[in-house]
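Working notes, structure below.
The values are calculated or read from the model by the stated rules, or taken from the named source; none is laboratory data. Since we're looking at a predicted model, the values are computed, not measured. Don't worry about glycine lacking a Cβ; one is built from the backbone with ideal geometry, like all the others, and counts go over all protein chains shown.
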């Protein structure tokens, strides 16, 4: 019986050992979504895969379909993203992002737009220095692709645009409420400044090369972090294991 082979681009999300010499790779493919695949003998010093199957790497694979799990037959490294594994802060940020991505994809589900975002963000994290800004950009772009982009410029209930200096943002609603509509909603919100609303509006539509032009205050970083993280965690419904390490390492630039 002929073995069915297929090829795909993929980003390696994480790995786990199998037996004495094999390793399972959790992959994200733009055409096939989440793939669990095994590389036989990859942990042996003489393996043909030695050094080519690393977490965060963008690879081009040939895989063979299996009954319970597909197998990796050939690999060509497109971008190893060495810099992400050599710097602890970058490693932690990339791990956080990849964990969010893994919770956002399903086996067999094509998602070319999300794959493009993954490639873009991994490069940003590798070569840029403002990790806090990149993470906020990443979270907002991911929310947008998942269909949960926050409503920032108007009341979520009545649709009235507001010029108030502060508004109440409700995670369960995914947006802000004006004072009139917020009257009966007593909990589950954060008071957000108009400056943060404007910042998130810019961040939603900016191209990555222009991120360096943004210089948000400490307050804006704090408020936007709260909003975007809580929205993601609310919609994904998952505990993010890397968050504690992330918060111990990454601090927002301090300026007003």
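A few remarks follow.
- Test: residue in region 13-29 that is over 21 Å from residue 122 (Cα atoms), surrounded by 20 or more Cβ atoms within 10 Å (Cβ to Cβ) and at pLDDT below 90: no
Rundown of residues vs (1) surrounded by 13 or more Cβ atoms within 10 Å (Cβ to Cβ); (2) under 22 Å from residue 91 (Cα atoms); (3) touching a residue at least 40 places away in the same chain (Cβ under 8 Å), yes/no style:
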position	(1), (2), (3)
156	yes, no, no
159	no, no, no
177	yes, no, no
200	yes, no, yes
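- Answer residue from region 45-65, given it is in contact with a strand residue (DSSP E or B) (Cβ under 6 Å, 6 or more places away or on another chain) and in contact (Cβ under 8 Å) with a residue 60 or more places away in the chain and is nearest to residue 95 (Cα to Cα) among those: 58
- Test: residue in region 99-106 that is over 24 Å from residue 143 (Cα atoms) and modelled with pLDDT of 95 or more: no
- All helices (runs of 4 or more DSSP H) inside region 153-256 with 3 or more residues being touching a strand residue (DSSP E or B) at 6+ places or on another chain (Cβ under 7 Å) and in the same structural domain as residue 136 (by TED's automatic domain parsing): 194-205, 218-236
- Flag if residue 188 is within 17 Å of the chain's Cα centre (by Cα), free of Cβ contacts under 8 Å to residues at least 24 places away in the same chain and surrounded by fewer than 19 Cβ atoms within 10 Å (Cβ to Cβ): no
- Residue within region 51-67 that is buried (at least 16 other Cβ atoms within 10 Å of the Cβ) and in a helix (DSSP H, G or I) present: no
- Only residues that are modelled with pLDDT under 95 and within 10 Å of the chain's Cα centre (by Cα) were counted in region 107-140, giving 0.
- Between 41, 71, the distinction of being without any contact (Cβ under 8 Å) to a residue 40 or more places away in the chain, within 13 Å of residue 21 (Cβ to Cβ) and surrounded by fewer than 19 Cβ atoms within 10 Å (Cβ to Cβ) belongs to 41 only.
- Sole residue being part of a helix (DSSP H, G or I), free of Cβ contacts under 8 Å to residues at least 60 places away in the same chain and surrounded by fewer than 13 Cβ atoms within 10 Å (Cβ to Cβ), chosen from 76, 113: 113
- Of the residues screened, residue 174 is one that is modelled with pLDDT under 95, touching a helix residue (DSSP H, G or I) at 6+ places or on another chain (Cβ under 8 Å) and under 24 Å from residue 240 (Cβ atoms).
- Residues within region 206-243 that are farther than 16 Å from residue 134 by Cβ, within 17 Å of the chain's Cα centre (by Cα) and free of Cβ contacts under 8 Å to residues at least 40 places away in the same chain, tallied: 4
- Screening residue 254 against (1) surrounded by 17 or more Cβ atoms within 10 Å (Cβ to Cβ); (2) closer than 29 Å to residue 121 by Cβ; (3) modelled with pLDDT under 90 leaves a single unmet condition, (1).
- Residue match in region 132-150 (condition: assigned by TED's automatic domain parsing to the domain that holds residue 232, touching a strand residue (DSSP E or B) at 6+ places or on another chain (Cβ under 7 Å), in contact (Cβ under 8 Å) with a residue 24 or more places away in the chain and on the phi < 0 side of the Ramachandran plot): yes
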